[in-house]
Amino acid sequence: MHAVLFAAFAGVAVQLLVLAAPRRDDVTLAVSEPVAATSYSRPDIVDRNGRLLATDLEAPSIFADPGLVIDRDEVVEKLLTVLPDLNGDQLLRDLADKSRRFMWVRRGVSPGIAQRVHDLGLPGISFRYELKRAYPGGEMAGHVLGYVDVDNRGVAGIERYIDEKVGVDPVHSAVLSSRPPVRLSLDIGVQHALEDELDDAVRLYKTDGAAGVVLNIKTGEILASASLPQVDPTWPSGALDKTHIDRMAGGTYELGSVFKTLTLAMAFDEGLARPDTLLDVRQPLEAGRFTVKDFHPASRPLTVTEVFTHSSNVGAGMLGLEAGPDKLKAFLDRLGLLDPMKTEEGMLAAPQVPQTWNRISTITVSFGHGIAVAPLQFAAAAATILNDGKTVHPTFLRKFDAGTADGKAVVSPETSRLMAQLMRRNVVDRDGTGSKADVPGYRVGGKTGTADVAAKGGYTSNSVISSFLAAFPTDDPQYLTLVVLFEPKATEATRGYRTAGVNAAPVTGKLIARIAAQLGVQPQAVAVSQ
């Protein structure tokens, strides 16, 4: 009897001491904090202009001392009124072990939740402050930033890169990091514009998802990268849903005719063709049981320029065959498209390449089928073509030197200029597939891609991936954008079409119209006809 009374009075005494302890943000702290699992303080993450993307905040965590709990049934019952998702049965079992002096109940709760738990007046239930990662932008750049675990350790994305390359500090209390912020290449303004335009596109074209990137061609800096549906780094469980993967880096796709940009660059650089070279594309290409033909077959031979602007699969396949499988494979290898790529966000999904480089694979790879890559990896290859032919290594870190990326030469500067001019022609020509991407004054060039979605044993007949590769200004390409729409639908807005020229291209035009001035690109005066 005396023992029971002593335990009761001891519990009351502890609770009185807790009530008398100093308060922080109206949440009561325990008088003493038993040794617990170490957490980690992390440096802030900021965008290229110093705007905050991630930071540590002090947050109350709830713990129990089973030795001080008088009535565990009451404790569990009352805690469930505030924390209804607690595993009550497990908590009952844990509280039964009186030899334990410390166990977590819930970590990183809001001050309001902590106050409600405190107001329950439960002996043996106390609080301590820990560091909790906060993301002021919510879902903004969520895939890139990644997330942390309950101990504030990086698990994915830039957060994991910080643990591996920058450093975090173990702490036993809420001590903020003294390390300088990690400054990313991202620009919040450009990132917001990209996410906003992709979000509009998902609704307008009823897509299953969308992805996009904005890349500085000269330095390799990624100014924006987005994938929809987005993830909120505060609630990382959403990232485990396969529909929420980072489609820009975490998946591989056959991207279709945007690959013709690479095929033509190879043909020019190897001396196999010039822009005015004529190709007779009137007949389909045969390879065993396979027949390759154009979506809109031409009634006459086409120049190589027209192969690009009309997006002729037959013409691209002919150029691939002229080069041969060995030369095509070697060229793509020099562009970095055959091996896995890594950025600070982590490893990109490994490319899926033909097992055998034969006649049919040479034809199909030439127009972006039979090879599947992460869109970011393709964007880097296309940027290489446009960067005077020098390799571009994409990075999510801000570069403070104004010089261009010091990459090895893959194609000549002349080939690079030819491709920029060809991309511009594809946007300004009346018959070009990219006319809806034009932005007056900003000299936009680009290439459409509409690829049937690969399925077991072949391709689906009613699903496509549409994409638009763009560069601006094409007289001296500074920036590259790639917009990818996954399974867009034929709608009234597209007059029953689902090809890239009527969806990904106009999305790109609206995006560039929003970001060009932010990026400091000077518009040229547009002549007005009298």
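The values are calculated or read from the model by the stated rules, or taken from the named source; none is laboratory data. None of the values given here were measured: they were computed from a predicted structure. Using ideal geometry, Cβ is built from the backbone for each residue, glycine included, and neighbour counts are taken over all protein chains shown. These accessible areas exclude ligands, DNA and RNA; they are computed on the full protein's heavy atoms, side chains included. Shrake-Rupley method; radii C 1.70, N 1.55, O 1.52, S 1.80 Å.
When region 218-260 is filtered for residues that are open to solvent by 20 Å² or more (accessible area, probe 1.4 Å), in contact (Cβ under 8 Å) with a residue 12 or more places away in the chain and hydroxyl-bearing (Ser, Thr, Tyr), the ones remaining, listed by number, are Thr234, Thr243, Thr252, Tyr253.
Residue-by-condition table, conditions (1) outside any helix (DSSP H, G or I); (2) surrounded by fewer than 17 Cβ atoms within 10 Å (Cβ to Cβ):
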position: Gly138; (1), (2): yes, yes
position: Tyr161; (1), (2): no, no
position: Pro170; (1), (2): yes, yes
position: Val175; (1), (2): yes, yes
position: Arg183; (1), (2): yes, no
position: Ala193; (1), (2): no, no
position: Ala201; (1), (2): no, no
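Looking at region 94-136, which of its residues are part of a loop (DSSP other than H, G, I, E, B), within 22 Å of Ser177 (Cα to Cα) and open to solvent by 40 Å² or more (accessible area, probe 1.4 Å)? Listed by number, the residues that qualify are Arg107, Ser110, Pro136. In summary, Ala505 fulfils each of the numbered conditions (1) under 17 Å from Ala211 (Cβ atoms); (2) open to solvent by 50 Å² or more (accessible area, probe 1.4 Å) with the single exception of condition (2). Just one of the numbered conditions (1) over 35 Å from the mean Cα position of the chain (by Cα); (2) in a helix (DSSP H, G or I) is not true of Ser299: (2). For region 478-498, check the following and say yes or no: at least one residue is over 23 Å from Tyr205 (Cα atoms) and of a type in the set (Gly, Ala, Ser). Checked region 478-498: no residue is over 23 Å from Tyr205 (Cα atoms) and of a type in the set (Gly, Ala, Ser). Just one of the numbered conditions (1) modelled with pLDDT of 95 or more; (2) touching a helix residue (DSSP H, G or I) at 6+ places or on another chain (Cβ under 6 Å) is not true of Arg72: (1). Is it fair to say Lys329 is open to solvent by 80 Å² or more (accessible area, probe 1.4 Å), within 12 Å of Val365 (Cβ to Cβ) and modelled with pLDDT of 95 or more? Criteria met by Lys329.
Identify, please: which residue in region 387-412 is in contact with a Gly (Cβ under 6 Å, 6 or more places away or on another chain) and not β-branched (Val, Ile, Thr) and is, among those, modelled with the lowest pLDDT? In this case the residue turns out to be Ala405. Of all residues in region 220-274, those that are of a type in the set (Gly, Ala, Ser) and in contact with a helix residue (DSSP H, G or I) (Cβ under 7 Å, 6 or more places away or on another chain) total 9.
His143 meets the stated requirement of being surrounded by 19 or more Cβ atoms within 10 Å (Cβ to Cβ) and not hydrophobic (A, V, I, L, M, F, W, C). Given the conditions (1) free of Cβ contacts under 8 Å to residues at least 40 places away in the same chain; (2) more than 27 Å from the chain's Cα centre (by Cα), and given that Pro354 satisfies all but one, which numbered condition is not satisfied? Here Pro354 clears every test but (2). Within region 482-493, restricting attention to residues that are of a type outside the set (D, E, K, R) and under 19 Å from Leu228 (Cβ atoms), the residue that is most open to solvent (accessible area, probe 1.4 Å) is Ala493.
In region 106-117, the residues that are of a type in the set (D, E, K, R) form Cβ pairs under 9 Å with partners that are assigned to a strand (DSSP E or B) and open to solvent by 40 Å² or more (accessible area, probe 1.4 Å), at six or more places apart or across chains, as follows: Arg107/Lys132.
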